[in-house]
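The block underneath contains the structure these notes are about, expressed in structure tokens.
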Amino acid sequence: METPHLDNPNKETLQQQYRQLKRFESLTVYCEAEKLNTMLQDCETIGFIALTISLPKLQNKLIEITCTKAKNGPCYDEGQKASYIGSSIAVLDDDAHFLFPHEYIPVCLKTKEIYTSNYYSGKISIKNNPNFKPSEFGPLPFDCDDFDAAIQRLISSNLKEIKTDKVQSIFYPGPFKAIFTSCGYLIRRGQWLEVPKELAKALCREEGAIQENYPSEPAPKFKAFIQEYGAPALLNLPIQNKKIESNSSFNIRSLDGISESLKLKLLHCIEIDSDNFIITGSDPQNEFGCCPSEDVGHANQLVHSGILDRLSHDNHQDQCPIQLYTFKDEASINGNSYRYQKNTTLRTLIQQNLEPSLSTKIMRWALISFIIFSIGFSLFKIAAPKQTGSQKQLSDIVTESNIKKNGFVLFHLPKRCEMCLKMEHLTKAFCEKNQLPFVLINMEDPHWKQFIDSEQLFAASLFYLEHDQNRELKTTLIKEAWEQWTQAESFKKMLSETIHE
């Protein structure tokens, strides 16, 4: 079947052609060089993915853009994982998803189907999660909100230095929206950029970049770019009808009911003095939303409460919804862009209300809970009859689970809290990556009562089981897990240091 093509189409014509295409069917668009940036943005916002550019070898010829219609419908978790194949630190696709080299991260079924198409051939690896168990209630919605965590990872990444004065102009044709190099440069698709010659060779060899002596702007360093323009600027989100959703009411107490992850997003936005922040997903109250997100639902509640404003941008129905928020009254329309002016009074008030809930209140609650528990536990030990039946120790797990090497054990209460679930998710992913055993134990199992009493366990607790040279079992309670569970990278680092001590 011949690929349809359009010469210098306007956005309306592109949209009409998009509707006529079948899923994963491609379109070829031709345009003049001076219209390339506008054409790319139109193709992206309409819903095309994996845009790839071919530059003409002769002057005065049109540039060719191959773009593809991709996914539609809800995002479901089917136990799929994806990894970027390359030497850069990360890549960003047209759905605002980051991929990292040689590290398999969960992706929804739709994204997996995109990555396995020939547009990403040789650039992305896909595999199934062997421990994934389908739900008896049908496919589970997939949480696509990984943007903020990926940004934090980029900012904290260690970069290589390239000491050279020699530079070279390169052009990255796609299919990724952007590449983040190991020496700190941000390489955007469809732009002539000046980079060190050593990096230019690597980008040509591994990413298909084109190298020519062409007038170029120096490629920005991505950490400085994020610091100056904010993380949402990486997506180059176009404004739709220049709209700001706001509310005249104000209720600071609405902060009390939001998730811990959203609290951390708000605090981080204040701490780094950012103009705005992004959440990927749809409001759970929207029954037609593709990616239900608790944080989006809570952020929308803060919009109704006069804490946040939501900024409008083109967000095609076939893409994972990207929600852009700012603090109330900070954004205004300035032509085709937003202008920001910090509302320092509101930010200070929000910070004062959130920080106690994340530090002082938690410590106060923990102290009160511990005192209550200690009193109750003492009374219980006096009044309770002696426990009968066999009692287990951690060494029994080694025998029962046939564990032949070091591993982790997580004790949990029947009613799982956010901390407990997060610790399980991070530890399980770490063990899968490092091929280590991971065991879950319900703290209300009567066979473990003696051990739980002796260790004074009253909340989710993580243990490391280690065999020494004489095959003697050493068990370690990882107390830092209670402090690091909200920070994924710190938690993973803690686990890594534990197994290498």
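The values are calculated or read from the model by the stated rules, or taken from the named source; none is laboratory data. Keep in mind that what you see is a predicted model, and the values were worked out from it rather than measured. Cβ: placed from backbone, ideal geometry, glycine included. Neighbour counts: every protein chain shown.
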Task: Residue match in segment 103-122 (condition: among the hydroxyl-bearing types (Ser, Thr, Tyr), within 20 Å of residue 493 (Cα to Cα), assigned to a loop (DSSP other than H, G, I, E, B) and within 20 Å of the chain's Cα centre (by Cα)) - done: yes
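When the residues of segment 3-29 are filtered to those that are hydroxyl-bearing (Ser, Thr, Tyr) and over 24 Å from residue 92 (Cα atoms), which remaining residue is modelled with the lowest pLDDT?
3
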Open item on the list: If a residue must be outside any helix (DSSP H, G or I), within 30 Å of the chain's Cα centre (by Cα) and surrounded by 15 or more Cβ atoms within 10 Å (Cβ to Cβ), how many such residues does segment 211-226 contain?
Closed with: 3
Open item on the list: Out of everything in segment 478-487 that is surrounded by 13 or more Cβ atoms within 10 Å (Cβ to Cβ) and closer than 16 Å to residue 408 by Cβ, what residue ends up being modelled with the highest pLDDT?
Closed with: 478
TODO: Answer yes or no: is there a residue in segment 44-52 that is among the acidic types (Asp, Glu) and under 16 Å from the mean Cα position of the chain (by Cα).
DONE: no
- [ ] Only residues that are in contact (Cβ under 8 Å) with a residue 40 or more places away in the chain and surrounded by fewer than 17 Cβ atoms within 10 Å (Cβ to Cβ): list them for segment 135-145, please.
- [x] 139, 140
Task: Sole exception among (1) closer than 22 Å to residue 22 by Cβ; (2) assigned to a loop (DSSP other than H, G, I, E, B); (3) charged (D, E, K, R) for residue 163, by number - done: (1)
TODO: Tell me, yes or no, whether segment 22-44 has at least one residue that is part of a loop (DSSP other than H, G, I, E, B) and crowded, with 18+ Cβ neighbours inside 10 Å.
DONE: no
TODO: Inspect all residues belonging to segment 48-58 and state whether any of them is closer than 20 Å to residue 179 by Cβ, assigned to a strand (DSSP E or B), modelled with pLDDT of 90 or more and among the hydroxyl-bearing types (Ser, Thr, Tyr).
DONE: yes
Task: Residue check for residue 25: without any contact (Cβ under 8 Å) to a residue 12 or more places away in the chain and more than 20 Å from residue 236 (Cα to Cα) - done: no
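Any residue at all in segment 139-150 that is at pLDDT 90 or above, over 16 Å from the mean Cα position of the chain (by Cα) and of a type in the set (A, V, I, L, M)?
No, that holds for no residue.
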Task: Set 132, 180, 171: member being in contact with a helix residue (DSSP H, G or I) (Cβ under 6 Å, 6 or more places away or on another chain) and either crowded, with 18+ Cβ neighbours inside 10 Å or over 18 Å from residue 98 (Cβ atoms) (or both) - done: 180
